[in-house]
1. Scan (1) within 25 Å of Leu145 (Cα to Cα); (2) outside any strand (DSSP E or B); (3) in contact with a strand residue (DSSP E or B) (Cβ under 7 Å, 6 or more places away or on another chain) for the single condition Ala328 breaks and write down its number.
2. Got a number for residues in segment 16-38 being within 9 Å of the ligand (Cβ to nearest atom) and surrounded by 21 or more Cβ atoms within 10 Å (Cβ to Cβ)?
3. Test each condition in (1) over 29 Å from Pro276 (Cα atoms); (2) at pLDDT 95 or above; (3) assigned to a loop (DSSP other than H, G, I, E, B) for His168 and report the one that comes out false.
4. I'm checking my understanding of the structure. Among residues of segment 71-89 that are loosely packed, with under 13 Cβ neighbours inside 10 Å and outside any loop (DSSP other than H, G, I, E, B), which one is nearest to the ligand (Cβ to nearest atom)?
5. Consider segment 404-440. How many of its residues are within 21 Å of the chain's Cα centre (by Cα), assigned to a loop (DSSP other than H, G, I, E, B) and either within 20 Å of Asp456 (Cβ to Cβ) or in contact (Cβ under 8 Å) with a residue 40 or more places away in the chain (or both)?
6. Looking at segment 236-253, can you tell me whether even one residue there is surrounded by fewer than 16 Cβ atoms within 10 Å (Cβ to Cβ), of a type in the set (A, V, I, L, M, F, W, C) and within 16 Å of the ligand (Cβ to nearest atom)?
7. Only one of these is in a helix (DSSP H, G or I), more than 9 Å from the ligand (Cβ to nearest atom) and farther than 18 Å from Ala367 by Cα: Arg287, Arg294. Name it.
8. Mind listing just one residue for me: the one in segment 156-194 that is closer than 16 Å to Asp310 by Cβ and of a type outside the set (A, V, I, L, M, F, W, C) and, of those, nearest to the chain's Cα centre (by Cα)?
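The values are calculated or read from the model by the stated rules, or taken from the named source; none is laboratory data. Quick caveat: nothing in here was measured; it's all calculated off a predicted structure. Glycine also receives a Cβ, built like all others from the backbone with ideal geometry; neighbour counts cover every protein chain displayed.
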Amino acid sequence: MRVVVVGYGMAGARLSAELVARGRDVKVTAFGAETHPAYNRILLSSVLAGRAREEDLTLAAPPSGVDVRLGVAVTGIDAARRVVGTPDGEEEYDALVLATGSRAVVPPVPGLSGAAVFRTLDDCRRIVAGAGRARTALVLGGGLLGLEAARGLAGRGLDVTVVHAAGHLMERQLDADAAAVLSATLRGLGVRVLVDAQAVERVDGGLRLADGRVVTADLLVVACGVRPETALAERAGLAVGHGVVVDDGLLTSAPDVYAIGDCVEHRGTVYGLVAPAWEQAAALADRLTGGDSRYTGSRVVTRLKAGGIDLAAMGSLEPAGAEVLSFADPARGTYAKLVVRQDRLAGAVLLGDNPAVGTVVQLFDRAAPVPADRRTLLLGRSLGGGPAAVAESPALMPDRALVCRCNSVTKAAVTACWRGGTRDVAGVAAATRATTGCGSCRDAVAGILDWLSTVDPGSVR
Ligand SMILES: Cc1cc2nc3c(=O)[nH]c(=O)nc-3n(C[C@H](O)[C@H](O)[C@H](O)COP(=O)(O)OP(=O)(O)OC[C@H]3O[C@@H](n4cnc5c(N)ncnc54)[C@H](O)[C@@H]3O)c2cc1C
């Protein structure tokens, strides 16, 4: 079977590798508009912050059997003839997969087009080069990406101001109280935040705001969100809503044309995160090689990857008909909110150092009942001041607990590696891919191995 993949980013590369790994008679041709081999886009924030090097972005090289054409954008789809068009000619397919990702949104503000955005490795290089010549920076957009960029630039010694149109930061994930604590934390890290600040024009050296103020800086970065890249699908007449519409089989409205990753809208949701993209890649690889896997949706947790800020947000904070618990200690940069429905977590925000974060995420993942004493989750410890009943010891983690969210790796899978003779994080990464996404689970994997070395030292292959 000839599979053509359009887009060789995090989803397209994973799908190509999964298809070949299944060892069936599949010929994969992948087109990537970027000139770089697929890289870990998530870690661009760490490169911008100077906490990672470009080499750290490297993803596994494409397996032999995948014909990767870099720097080649697919320009058209003829679903009736089963061919895609490129500047070099046409390519026939039996199955076509769109993995075209997202593109950065630049608001229609006069003068803004051409400003630096933050989506690709080339964008990141451009910002880092600009930062080297700048003392001050403006970041337009106080969402997740904008704040990661702002924190990274502040870490490089720049005086940074975030200009955000909404009434509070990260309004899609946080309520106003959490955002106020986050703003204060950012201020302490050298990032000034302007909210309710509508940019109306780019002027020489800065932005004019709707209230007439002009804010200036040496460097401007636009981080106003992303939009699924659907242009190709739209031109081909596929059903497109917020993204390319797919069913549980990842099939679009056209026969033998599938879509995965950021470009997709599944059951009304556009995720824009890597864990769903990789789950979709695995399910589709199975289907295209004779299996019947279905993708039914993901429960996502958002984490801010910014040095000095611990923030996890998940689910919905809608209070109607729910039990809502919150705790705020703005002076210490701590805020926690839990929204509980029928004894299960519907949503949560944990900001600042909270030892219960892993447990809260696990309960949310598994839609498991929360403890009767909610304070253990809210504060990370019982009222007596002792350790939380739901401490994060690997011993107390259920086997089904997700350790690596990006790659859906459970504690049981890490334990299985150990029992097979693997003794270090690199070995677990090679066997399960744990730690190879955002990398935030590295300590948890190391902790489980450490625990196993105590409780199960004799286990060998
Ligand atoms: C700075 C940053 C930080 C992030 N942090 C996180 C995080 O912490 N956690 C998380 O889960 N997610 C994060 N994300 C989002 C994550 O990177 C995406 O969810 C993921 O990359 C989606 O993979 P994808 O393959 O669908 O899209 P992409 O990785 O964007 O790849 C799509 C590729 O398709 C190519 N393409 C598009 N059109 C064509 C065409 N016509 N022909 C050929 N090629 C084409 C594009 O050039 C691109 O290379 C972050 C993103 C950024 C930018």
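1. (2)
2. So the count comes out to 4.
3. Of everything listed in (1) over 29 Å from Pro276 (Cα atoms); (2) at pLDDT 95 or above; (3) assigned to a loop (DSSP other than H, G, I, E, B), His168 misses just condition (1).
4. Gly76
5. So the answer is 10.
6. no
7. Arg287
8. Ranking the qualifying residues of segment 156-194, first place goes to Gln173.
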